[in-house]
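Working notes for the structure below.
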Amino acid sequence: MLGYYSSLSSEVYDLDKPVGSSFGDIEYYTERLATCTGRILEPAAGTGRLLVPLLEQGFQVDGFDVSGDMLAICRDNCEKRGFAPALFEAKMESFSLDKKYGAIVIPTGTFLLLHEREESLEALRNFHHHLADGGKLIVDLFLPSELELGKLSVRKWETANGDVITVESQIVEVDPIKQYRVSQARYEKWRNGRLMQTELERYPLRWYGVEEFRMILEHIGFEDITVSADFQYGQYPTRAGQTMTFEATANKKG
């Protein structure tokens, strides 16, 4: 079975979205977390694109990822800047810790990689369990604007030592009933015209309707749910392709 975010794809992620690069989300998350007094957890922390700037702002942040390759880059990015946060390998639906968090944050639609409905629900239950009373869940989703089977896209990056990494990707499966699509990508690293490394990666992507996801959060026990489009707080989404940020509170005294 193909996985995702192995060594080549993790390297590309760090090249394409280096620490501190923002889509407007770093500024937004920093503002929304300003009143957070507890520790913050970032599931799927990746290479530290958001985690490191939060540490630099003085937040106490732990992180985990399902990809050991992504975590290795994240640790290196943190060490270069003098940070040593708690980082560990785990899954969103099954991680288990003996601490509660003031906030849990999942930017850039990473939560949608949980394309099976039950595992995504289990992850949300797990987030709720690991939040302190009054703790915040902040999670980005989006509605895919591209569902065309077989359409090929090609991109390339140059590394610091002059290697070239190419990526060819296409959508290989769309299930509108179960609300997910699957893309497959081939990563190749070239050096002086010679193929040095190749990987195949599989990227599932689930989608949710805006009010559907709100009701799911309510059913799990979250309260005070707001949804914002393109990092404009309280602005309701109007079209596919927009980033939809849900913010919800875990009220455990009710």
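The values are calculated or read from the model by the stated rules, or taken from the named source; none is laboratory data. Everything numeric in this text was worked out from a predicted model, so none of it was measured. Reconstructed Cβ throughout: ideal geometry from the backbone, glycine too, with neighbour counts over all protein chains shown. Note: accessible area is taken over every heavy atom of the protein model, side chains too, but ligands, DNA and RNA are not part of it. Shrake-Rupley method; radii C 1.70, N 1.55, O 1.52, S 1.80 Å.
Lysines within cross-link reach of LYS136: Cα-Cα under 27 Å, excluding same-chain residues under 8 positions apart?
Filter leaves LYS17, LYS91, LYS99, LYS100, LYS252, LYS253.
Hey, rough spin-label estimate for ALA34 and SER21, points 7 angstrom out along Cα→Cβ, what's it come to in nanometres?
Here the answer is 2.8 nm between the modelled labels.
Quote the FRET efficiency, to the nearest 0.05, computed for MET215 versus LYS178 with a Förster distance R0 of 22 Å and r equal to the Cβ-Cβ distance.
Computed FRET efficiency for MET215 and LYS178: 0.80.
Among rounded, prolate and oblate, which fits the stretch 61-137 when a ≥ b ≥ c are the square roots of the eigenvalues of its C-alpha gyration tensor, a/c under 1.5 means rounded, and a/b larger than b/c means prolate?
Taking the square roots of the gyration eigenvalues as a ≥ b ≥ c, the stretch 61-137 is oblate.
What number comes out for accessible area per residue over the stretch 98-205 if the probe is 1.4 Å? Units Å², please.
Value returned for the stretch 98-205: 51 Å² of accessible area per residue.
Of LEU55, GLY193, LEU97, which is farthest on the positive side of the dipole of the chain, counting Cα position, with +1 on Lys and Arg Cβ, -1 on Asp and Glu Cβ, and the Cα centre as origin?
The residue sitting farthest along the positive end of the dipole is GLY193.
Which loop trypsin sites (Lys or Arg not before Pro) in the stretch 29-96, with loop taken from DSSP, have no more than 16 other Cβ atoms within 10 angstrom of their Cβ?
Hits after loop and neighbour filter: ARG81, LYS91.
Only helical DSSP H runs with n ≥ 4 go in: add -39500 (n - 2.57) per run for the chain, normalise by residue count and round the 222 nm mean residue ellipticity to 500 deg cm²/dmol. Don't skip to the end; give the middle numbers.
Values: 6 runs with 62 residues, N = 254.
The per-residue figure over the chain is -7000 deg cm²/dmol.
What percent does the relative contact order of the chain come to when contacts are Cα pairs within less than 8 Å and at least six residues apart? Display every interim value, and only then the final one.
Working: 517 pairs, mean separation 47.0, N = 254.
Worked out over the chain, it gives 19 percent.
Mind listing P(r) for the stretch 140-241? All alpha-carbon pairs, 5 Å bins, whole percents.
Histogramming the stretch 140-241 at 5 Å steps yields 2, 10, 16, 15, 13, 12, 12, 9, 6, 3, 1, 0 percent.
Any idea how far the Cα center of the stretch 198-234 sits from the one of the stretch 108-167, in Å?
Answer, in whole Å: 11.
Quick one: pull the percent of accessible area on the stretch 123-254 belonging to carbon and sulfur, 1.4 Å probe, ligands and nucleic acids left out.
49 percent
Go through [x] 43, 23, 17; [y] 27, 21, 17; [z] 30, 23, 16 and flag the label whose value is the computed semi-axes √(5λ) of the Cα gyration tensor in Å for this structure.
Given [x] 43, 23, 17; [y] 27, 21, 17; [z] 30, 23, 16, the calculated one carries the label [z].
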